[in-house]
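Structure first, then comments.
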Amino acid sequence: MARMYYDADANLDLLAGKTIAIIGYGSQGHAHALNLRDSGVNVIVGLYPGSRSAAKAEAEGLPVKSVADAAATADLIMILLPDEVQKAVFENEIKPNLSAGNILAFAHGFNIHFAQVVPPSDVDVVMVAPKGPGHLVRRTYEQGEGVPCLFAVYQDATGQARDRAMAYAKGIGGTRAGILETTFREETETDLFGEQVVLCGGLTALIKSGFETLVEAGYQPELAYFECMHEVKLIVDLVVEGGLSKMRDSISNTAEYGDYTRGPRIITDETRAEMRKILSEIQTGQFARDFVLENQSGKPGFTAMRRREAEHPIEEVGKDLRAMFSWLKKV
Ligand code: NAD
Ligand code: MG
Ligand code: MG
Ligand code: MG
Ligand code: MG
Ligand code: MG
């Protein structure tokens, strides 16, 4: 079994006296910055001029600088920008401000693995990737817990890269939950596969198709919403707590029998073949090329898909229903 590392395995002192620049203050950025600060680490935030996040970071007492100034000041630079802007920001503002022995860190391997960011050879290059969204990274830390993280070393210029990555993971609360060692390649390929096939692409396609099938057959959209979308969380919570068997214990025997006999008819051999094809597009760099080119051309397809998906009837019904839930909660 793969080894998990915990608080006792990591040494936060390795970050003592160092300045950590968190570049970007979005989902991951705000969580890393605040958790590290609360762990006693010296944190600054690097943002572009006019960023709306600057006021939020300053309200937390975090010093905000330009990306270039933050990179120049810091010993460890964690890049928490959207993946598609990292290349340009790195080239123009970070790379000229790196010094030998600095640590360049990422929360996802995409830009290093697909050679969009090519760091100089005299800095450590590491990854600490929380396996959860930023708001959970922050909330669990405040509760004295943490989100499990992956960590990896791409380049070890100082001989300390691995220990420093583990110290960073401790600072954001990751070692409270456990951290697992990987490589940039493995993290990148499995992360992309997971989000495309299961977590985001697969799940949303499943939810929408189920909803559409019921509505087309004349059932009320509100019921279709409850069955195909709302209840997903209840099921997933059980699966995360105790595996598929805990969920199957909790559902009715009728539901369990339907699960075993009908589930495999939804994910067919054809679906599995498509999963392998998607994995291969990730491994060959075809997906990365598509995404990079899409962004270079100003995201025409991305924007159109975003708009079309936001207009899906399940979103309309959901908005109305959820507004009722919060109205009920307020009373
Ligand atoms: P985000 O979109 O939530 O936040 C990005 C931040 O960068 C924002 O503060 C934004 O204002 C700023 N920004 C955008 N363009 C900029 C520019 N040109 N110059 C300077 N700042 C700019 O991003 P995120 O979801 O936190 O993702 C950051 C990294 O973390 C990515 O590598 C992502 O793959 C990784 N990651 C994200 C999650 C997640 O759940 N969101 C989980 C694990 C890893
Ligand atoms: Mg987003
Ligand atoms: Mg992921
Ligand atoms: Mg991802
Ligand atoms: Mg039911
Ligand atoms: Mg049962």
> surrounded by fewer than 17 Cβ atoms within 10 Å (Cβ to Cβ) and either within 20 Å of the chain's Cα centre (by Cα) or within 16 Å of ligand 5 (Cβ to nearest atom) (or both): does that describe residue 139?
Replying inline: yes
> Which of the residues that make up segment 243-266 are more than 13 Å from ligand 5 (Cβ to nearest atom) and among the polar types (S, T, N, Q)?
Replying inline: 245, 261
> Which of the following residues is touching a Gly at 6+ places or on another chain (Cβ under 8 Å), closer than 20 Å to residue 171 by Cβ and assigned by TED's automatic domain parsing to the domain that holds residue 159: 101, 17, 61, 24?
Replying inline: 24
>> If I filter segment 70-92 down to residues being within 17 Å of residue 20 (Cβ to Cβ) and either free of Cβ contacts under 8 Å to residues at least 24 places away in the same chain or not hydrophobic (A, V, I, L, M, F, W, C) (or both), which single residue comes out as farthest from ligand 1 (Cβ to nearest atom)?
In response: 75
> From 116, 155, which residue is of a type in the set (S, T, N, Q), within 27 Å of residue 11 (Cβ to Cβ) and not assigned by TED's automatic domain parsing to the domain that holds residue 305?
Replying inline: 155
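Every residue, every condition in (1) surrounded by 15 or more Cβ atoms within 10 Å (Cβ to Cβ); (2) out of contact with any strand residue (DSSP E or B) (no Cβ under 7 Å at 6 or more places or on another chain), yes or no:
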{"residue": "143", "(1), (2)": "no, yes"}
{"residue": "171", "(1), (2)": "yes, yes"}
{"residue": "181", "(1), (2)": "yes, no"}
{"residue": "189", "(1), (2)": "yes, yes"}
{"residue": "194", "(1), (2)": "no, yes"}
>> Filter segment 53-106 down to the residues that are of a type in the set (Asp, Glu) and farther than 29 Å from residue 287 by Cβ and list them by number.
In response: 58, 60, 69, 75
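Residue-wise test of (1) more than 18 Å from residue 121 (Cβ to Cβ); (2) surrounded by 22 or more Cβ atoms within 10 Å (Cβ to Cβ); (3) away from ligand 2 (no atom under 16 Å from the Cβ).
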position	(1), (2), (3)
46	yes, yes, yes
63	yes, no, yes
76	no, yes, yes
82	yes, no, no
97	no, no, yes
102	no, yes, yes
> Checking residue 21 against (1) assigned to a helix (DSSP H, G or I); (2) closer than 18 Å to residue 161 by Cβ; (3) touching a Ser or Thr at 6+ places or on another chain (Cβ under 8 Å), which test does it fail?
Replying inline: (1)
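Report yes if residue 54 is more than 16 Å from ligand 2 (Cβ to nearest atom) and loosely packed, with under 15 Cβ neighbours inside 10 Å, otherwise no.
Values: more than 16 Å from ligand 2 (Cβ to nearest atom): yes; loosely packed, with under 15 Cβ neighbours inside 10 Å: no.
It is false that residue 54 is more than 16 Å from ligand 2 (Cβ to nearest atom) and loosely packed, with under 15 Cβ neighbours inside 10 Å.
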>> What are the pairs with Cβ atoms under 7 angstrom where one residue, in segment 110-132, is without any contact (Cβ under 8 Å) to a residue 60 or more places away in the chain and the other, located anywhere, is surrounded by fewer than 17 Cβ atoms within 10 Å (Cβ to Cβ) and among the acidic types (Asp, Glu)? Sequence gap at least six, or different chains.
In response: 124/156
> Quick one: which helices (runs of 4 or more DSSP H) sit completely within segment 215-285 and have at least 3 residues that are in contact (Cβ under 8 Å) with a residue 12 or more places away in the chain and closer than 24 Å to residue 322 by Cβ?
Replying inline: 221-225, 231-250
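I want to confirm something. Restricting to segment 84-95 and keeping residues that are of a type outside the set (Val, Ile, Thr) and in contact with a strand residue (DSSP E or B) (Cβ under 8 Å, 6 or more places away or on another chain), which single residue is surrounded by the most Cβ atoms within 10 Å (Cβ to Cβ)?
Start the filter on segment 84-95 by keeping residues that are of a type outside the set (Val, Ile, Thr), which leaves 84, 86-88, 90-93, 95.
Right, trim to in contact with a strand residue (DSSP E or B) (Cβ under 8 Å, 6 or more places away or on another chain) and you get 86, 90, 93.
Details: 86: 22, 90: 24, 93: 19.
Checked segment 84-95; the qualifying residue surrounded by the most Cβ atoms within 10 Å (Cβ to Cβ) is 90.
The values are calculated or read from the model by the stated rules, or taken from the named source; none is laboratory data. Everything quoted here is computed from the prediction, not taken from an experiment. Every residue, glycine among them, receives a Cβ derived from its backbone with ideal geometry; neighbour counts consider all protein chains shown.
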